[in-house]
Amino acid sequence: MVTIHPCILRHHRKQDGTWNVKVRVSFDRKSVYIPTNIFCTKADLNAKYRIRSAEILDRCDALVRRMRDAVAGLSMIELEGRDVYWVAEYIKDSLRGQEFRLDFFAFADSYVATKKPSTRCAYTAALNALERFIGRRELDINAITHTIMVRFMEAVDKEPKMVWSKGARGIVPSSRAKIPHGASTRHVMKLANIFNEAKLRYNDDDAGRVVIPRSPFDRLRKVFPPSEGQRSIGAETMQAVLDAQPDDRLERLALDAFVVSFGLMGANMADLYLAKPVKGEWVYNRQKTASRRADKAEMRVPVPECLQDYIARLQDGPSGWWLPALHKAAGRKDLATQKVNAGLARWCSRNGVPRFTFYAARHTWASIARSKAVGVEKALVDECLGHVGEFQMADIYAERDWSLLADANRRVLASLRW
């Protein structure tokens with residue numbers, strides 16, 4: 001706790017017989033004395049050298065009030081690892097009007113508003129976790145330090161599974177056990193993106209104006225295991241998926257969607273859901289990376305003959321879409337993913353297969369492509385998956401040979417029995 005009081009140091013008497021009023025700033029059992037432009041004579045003090053002049057007391061009160069207002073916004077978390085000298089300098093800079101202050105949450109809200117709804121959810125989860133950690137939705141960007149972020153990651157790892165409660169109208173702890181899946185790492189990666197965007201916006205290196213000099217996220221130890229059910233299921237389980245003949249309609253829908261995604265080089269649900277009728281070759285812009293690639297993440301995938309039966313079963317539903325069964329099952333693409341994942345979970349449970357999700361189709365395609373039997377080179381796998389890679393300038397200047405991607409997909413599909 002920071003305490004601020006005006007005082008007179010008796011032994012600091014000047015040659016003209018006056019005393020300069022000092023402000024004692026105390027924190028963590030240590031004190032610093034800040035000089036002021038207020039002076040006292042012997043007549044202004046009592047026998048114990050305490051100020052008795054009403055005029056000087058009023059001036060001191062006004063100054064102390066400004067100093068206390070300067071530190072009022074600092075929480076104990078923001079003061080973590082600071083000493084009294086830092087607090088004193090913080091007060092002086094605030095009074096000079098030179099301290100750069102930026103509400104991290106306010107800036108984050110404006111930054112996140114520019115993101116797609118699917119991306120916005122991850123940022124919102126990270127900011128909500130930070131709010132739970134500090135106890136309020138206000139934080140000066142200068143208070144974000146490496147130490148605080150380490151403690152934040154530890155707190156996220158220890159807190160229970162958090163879910164939205166309609167009754168409580170907020171996020172509450174769940175009664176279900178929490179599955180470790182690298183949430184703390186994902187959160188700090190999102191917070192780091194926001195922090196670095198603030199640095200780009202407010203720092204001006206050319207002018208020598210660096211108001212946000214630190215990089216508190218650089219030395220954090222990030223552990224990011226794959227999410228449950230998103231790992232590659234392997235060629236053997238993939239073959240079992242191809243051979244499956246379930247009677248359950250939901251399982252059939254889920255397996256068909258999984259196989260189609262796999263056969264189209266790990267296509268995402270968002271792109272399959274919004275695909276218009278296709279003849280021969282599916283041309284689309286991958287939604288997840290379109291805004292981050294100079295080529296708008298354009299993809300061209302010849303539709304293999306081996307997928308026709310699976311696609312045909314997914315064409316039962318409202319017209320206007322390539323795979324209307326997905327629209328028939330759910331009104332939104334995220335709900336379609338949930339529906340498919342539920343069907344996959346049911347099939348896995350009935351057949352004694354470790355649970356996997358729809359997204360595992362991409363992991364499986366990549367794993368089989370990189371296997372010794374197929375041998376697709378790593379850079380080509382990245383192209384087939386539509387990733388944002390290291391060759392962004394090549395993507396701009398070099399015309400892509402789509403036949404290489406089509407050949408890679410043929411080799412992957414040829415490694416299985418259809």
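Can you confirm whether the stretch 358-370 contains a residue that is assigned to a helix (DSSP H, G or I) and at pLDDT below 90? No; the residues of the stretch 358-370 include none that is assigned to a helix (DSSP H, G or I) and at pLDDT below 90.
Looking only at residues in the stretch 72-113 that are closer than 28 Å to Lys190 by Cβ and among the charged types (D, E, K, R), the one that is surrounded by the most Cβ atoms within 10 Å (Cβ to Cβ) is Glu78.
Can you spot a residue in the stretch 142-163 that is modelled with pLDDT of 85 or more and either among the hydroxyl-bearing types (Ser, Thr, Tyr) or assigned to a strand (DSSP E or B) (or both)? Yes, that holds for at least one residue. Would you be able to say whether some residue in the stretch 127-142 is within 22 Å of Glu78 (Cα to Cα), crowded, with 16+ Cβ neighbours inside 10 Å, of a type in the set (Gly, Ala, Ser) and in contact with a Leu (Cβ under 8 Å, 6 or more places away or on another chain)? No: the stretch 127-142 contains no residue that is within 22 Å of Glu78 (Cα to Cα), crowded, with 16+ Cβ neighbours inside 10 Å, of a type in the set (Gly, Ala, Ser) and in contact with a Leu (Cβ under 8 Å, 6 or more places away or on another chain).
Of the residues Lys48, Lys116, which single one is over 30 Å from Met149 (Cβ atoms) and surrounded by fewer than 13 Cβ atoms within 10 Å (Cβ to Cβ)? Lay out the reasoning, then the answer.
On the way: Lys116 fails: over 30 Å from Met149 (Cβ atoms).
Just one listed residue meets the conditions, Lys48.
Does Tyr90 qualify as being closer than 25 Å to Arg151 by Cβ, in contact with a strand residue (DSSP E or B) (Cβ under 7 Å, 6 or more places away or on another chain) and not in a loop (DSSP other than H, G, I, E, B)? So Tyr90 fails the test.
Select the helices (runs of 4 or more DSSP H) contained entirely in the stretch 208-311, then report the ones holding at least 1 residues which are in the same structural domain as Ile148 (by TED's automatic domain parsing), crowded, with 16+ Cβ neighbours inside 10 Å and touching a strand residue (DSSP E or B) at 6+ places or on another chain (Cβ under 7 Å). By residue number, no helices (runs of 4 or more DSSP H) qualify. Taking every residue in the stretch 174-201 that is within 18 Å of Ile148 (Cβ to Cβ) and pairing it with any residue that is at pLDDT below 90 and basic (Lys, Arg), at least 6 positions away or on another chain, the pairs with Cβ-Cβ distances below 8 Å are Thr185/Lys222; Val188/Lys222; Met189/Lys222.
Filtering Ala143, Ala155, Ala122, Ala113 for residues that are within 13 Å of the chain's Cα centre (by Cα) and outside the structural domain of Ser291 (by TED's automatic domain parsing) leaves a single hit, Ala122. Taking the stretch 312-336 as the range and being part of a helix (DSSP H, G or I) and touching a residue at least 60 places away in the same chain (Cβ under 8 Å) as the test, the residues that pass are Arg313, Ala325, Leu326, Ala329, Lys333, Asp334, Ala336.
Just checking, does the stretch 297-305 include any residue being β-branched (Val, Ile, Thr) and over 26 Å from Ala244 (Cα atoms)? Within the stretch 297-305 (the criterion being β-branched (Val, Ile, Thr) and over 26 Å from Ala244 (Cα atoms)), the answer is no, since none of the residues qualifies.
Looking across the stretch 339-366, the residues that are of a type in the set (Gly, Ala, Ser) and in contact with a helix residue (DSSP H, G or I) (Cβ under 7 Å, 6 or more places away or on another chain) come down to Ala342, Gly343, Ala361, Ala366.
Quick one: which of Val388, Val381, Val374, Val353 is β-branched (Val, Ile, Thr), in a loop (DSSP other than H, G, I, E, B), within 21 Å of Thr289 (Cα to Cα) and at pLDDT below 95? Spell out how you get there, then give the answer.
Values: Val381 fails: in a loop (DSSP other than H, G, I, E, B); Val374 fails: within 21 Å of Thr289 (Cα to Cα); Val353 fails: within 21 Å of Thr289 (Cα to Cα).
Unique residue meeting the criteria: Val388.
Filtering Asp58, Asp16 for residues that are loosely packed, with under 12 Cβ neighbours inside 10 Å, of a type outside the set (Ser, Thr, Tyr) and not in a helix (DSSP H, G or I) leaves a single hit, Asp16. Give the residues of the stretch 166-208 that are at pLDDT below 70 and among the basic types (Lys, Arg), sorted by residue number. The answer is Lys166, Arg169, Arg176, Lys178.
The values are calculated or read from the model by the stated rules, or taken from the named source; none is laboratory data. Note that the structure is a prediction, hence the values are computed from the model and not measured. No Cβ is skipped: glycine too gets one built from the backbone with ideal geometry, and neighbour counts run over all protein chains shown.
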